[in-house]
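Data block below; observations after.
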Amino acid sequence: MTLLGHDLFRGRIPESEEGLAQRVRVLRRARRDARTRSARVRRVLLAPTSAPVQYNVTAAQYMTRHVR
């Protein structure tokens, strides 16, 4: 005869050391990848931009040459 409390306890099998270590590695890798992505985005957003290019072409001249 089994008790209800005993069955509930059996359902929660503690995680093995190997499984826990694997989970920790996956979480650390995900965190590291997220930091790398955010650093790249930050670098792109904060990168200095060049001065706007000055063209000697008016808008009308550009439209006649490039837009048809």
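The values are calculated or read from the model by the stated rules, or taken from the named source; none is laboratory data. Nothing here was measured: the structure is a model prediction, and the numbers come from that model. We work out accessible area using only protein heavy atoms, side chains counted, and drop any ligands, DNA or RNA first. Shrake-Rupley method; radii C 1.70, N 1.55, O 1.52, S 1.80 Å.
Overview of results
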| item | result |
| --- | --- |
| Lone qualifier among 24, 67 - being at pLDDT 70 or above and more than 14 Å from the chain's Cα centre (by Cα) | 24 |
| Residue 7 being modelled with pLDDT of 85 or more, of a type in the set (D, E, K, R) and open to solvent by less than 100 Å² (accessible area, probe 1.4 Å) | no |
